[in-house]
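Beneath this line is the structure, given in structure tokens, with notes to follow.
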Amino acid sequence: MNYIDITQQKIIDAENKHYLGIIDDIFIRIDSITNPFVKACFDNYINPYLDIIVKGTPEQLLQCHNRIKPYLIPLVKKNIHEVFKYKGWFDQKKKTKYDAYDLATNVDIPTCTYCNRIYTKTVVNPSKITRPTFDHWFSKSDYPLLALSFYNLIPSCTVCNSGVKGTNPFKLDTHFHPYHKSIEEIDFKFSYDHKDYSSFKFKIINNNVFSKNSTKAFKLKEIYETHEDEITDLRRLRDIYSEKYLQMLKNNILKATSTSDEEIYRLAFGTHIDEAMFDRRPLSKMKKDILEELGILKHIK
């Protein structure tokens with residue numbers, strides 16, 4: 001689970017491009033409403049908050065939704081679903097205007113924000129091959145106003161989006177949101193127990209209730225248990241080369257090069273050691289936690 005720093009220039013730029021990419025179409029859809037009562041509801045209760053609806057922070061989005069919710073009678077809600085339409089409009093491959101592929105390219109998060117197990121890179125050519133799915137942290141059914149909100153569209157893998165999270169209701173103060181840090185933050189460690197290579201038990205050590213809620217909701221333990229072979233390989237590496245494996249690489253094999261400690265780590269394990277870079281390679285947090293537990297990281301700065 002990786003927090004996304006909203007002060008990064010690429011995220012600020014992506015937010016602005018998202019706003020500029022959809023706001024005109026939203027107004028066009030609002031202007032096409034023919035029912036005078038519904039149009040008046042939009043003019044009085046929704047239009048004044050469009051900037052927040054499109055690019056407000058998660059906390060602002062929730063406050064905005066709660067403020068407008070009393071006016072969302074079925075007739076108005078039906079039109080909201082059309083105005084802030086995600087499926088069949090924003091997520092289409094054939095659309096020539098700004099769309100989900102542009103958003104995915106702009107935020108540039110190459111692994112799943114929730115599990116960090118799977119690459120979710122965006123490949124765009126004339127046929128638009130692949131991109132991450134976008135999880136609606138606030139569900140489209142319960143929060144239709146937020147269906148196109150920048151900070152409600154979380155780049156994720158299909159497993160986490162559809163297979164695990166689904167439409168389970170989350171709260172900002174009880175569950176992880178990558179664009180929002182609560183009073184309690186995500187704080188957990190990947191770990192394991194085993195007596196030998198044939199006896200293995202993967203575990204997650206949660207350091208607060210917030211983390212326990214979040215890791216349980218995304219079934220991280222069950223999902224990461226499928227990566228037993230990765231942990232076994234790290235354990236074998238430690239047993240064969242001792243805890244000083246990275247130090248040996250640095251002082252012997254790579255001695256004549258100007259390779260940094262970060263580069264040595266990345267070359268050895270295929271992941272990043274810097275938490276701020278965890279999103280660039282799958283399994284980065286898991287490998288770092290296990291390597292720390294094995295004692296390998298204490299021999300490299």
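Bin by bin, in steps of 20 Å, what percent of the Cα pairs in the chain do you find, going until the bin that has the longest distance?
30, 50, 18, 3
Among LEU62, PRO36, MET286, pick out the residue whose Cα is farthest towards the positive end of the charge dipole of the chain, where Lys and Arg carry +1 and Asp and Glu carry -1 on C-beta, about the Cα centre.
Value: PRO36.
At most 11 other Cβ atoms within 10 Å and a DSSP loop assignment: could you name the chymotrypsin sites (Phe, Trp or Tyr not before Pro) in region 182-238 that fit?
Working: sites: PHE188, PHE190, TYR192, TYR197, PHE200, PHE202, PHE210, PHE218, TYR224; in loops: TYR197, PHE218.
Of the chymotrypsin sites (Phe, Trp or Tyr not before Pro), the ones in loops of region 182-238 whose Cβ has at most 11 other Cβ atoms within 10 Å are TYR197.
For the chain, with a Gaussian network of springs between Cα atoms less than 10 Å apart, report the residue from SER258, SER211, SER191 with the top mean-square fluctuation.
Between SER258, SER211, SER191, it is SER258 that shows the largest mean-square fluctuation.
Give me the extension gain from GLU225 to TYR19: residue separation times 0.36 nm, minus the current Cα-Cα distance, reported in nm with one decimal. Present the calculation step by step, with values, prior to reporting the outcome.
On the way: separation 206, 0.36 × 206 = 74.16 nm, distance 3.98 nm.
Value of the extension gain: 70.2 nm.
Could you calculate the FRET efficiency of LYS87 with GLU263 from 1/(1 + (r/R0)^6), where r is the beta carbon distance between them and R0 is 45 Å, rounded to 0.05? Write out the running numbers ahead of the final one.
Details: r = 43 Å, r/R0 = 0.95.
According to the calculation, E is roughly 0.55.
How far apart, in nm, are the 7 Å Cα→Cβ label points at ASP274 and THR232?
For the pair ASP274/THR232, the computed spacing is 3.4 nm.
For a test of the definition: using alpha carbon positions, the gyration tensor, and the 1.5 limit on a/c, classify region 69-111 as rounded, prolate or oblate. Write out the running numbers ahead of the final one.
Numbers: a/c = 4.12, a/b = 2.10, b/c = 1.96.
Judged from the Cα gyration tensor, region 69-111 comes out prolate (a/c at least 1.5, a/b above b/c).
For the residues ASP91, ASP43, what sequence is obtained by ranking on other C-beta atoms within 10 Å, fewest first? If you can, show how the numbers build up before the last one.
Working: ASP91 16, ASP43 12.
The order, fewest Cβ neighbours first, is ASP43, ASP91.
If you take the charge dipole of region 188-299 about its Cα centre, with +1 on Lys and Arg Cβ and -1 on Asp and Glu Cβ, which of ILE240, TYR224, THR257 is farthest toward its positive end?
Farthest along the dipole direction, towards plus: TYR224.
Label TYR119 and SER162 with points 7 Å out from Cα along Cα→Cβ: what is the distance between them in nm?
For TYR119 paired with SER162, the spin-label model returns 2.1 nm.
Using the alpha-carbon centroid of each, what span in Å lies between region 25-82 and region 143-220?
Rounded to whole Å, the Cα centres lie 30 Å apart.
We did not get these values from a lab; they are worked out from the coordinates using the rules stated. Treat the numbers as computed from the prediction; the structure is a model and nothing was measured. Here the Cβ is made from the backbone with ideal geometry for all residues, glycine too, and neighbour counts use every protein chain on show.
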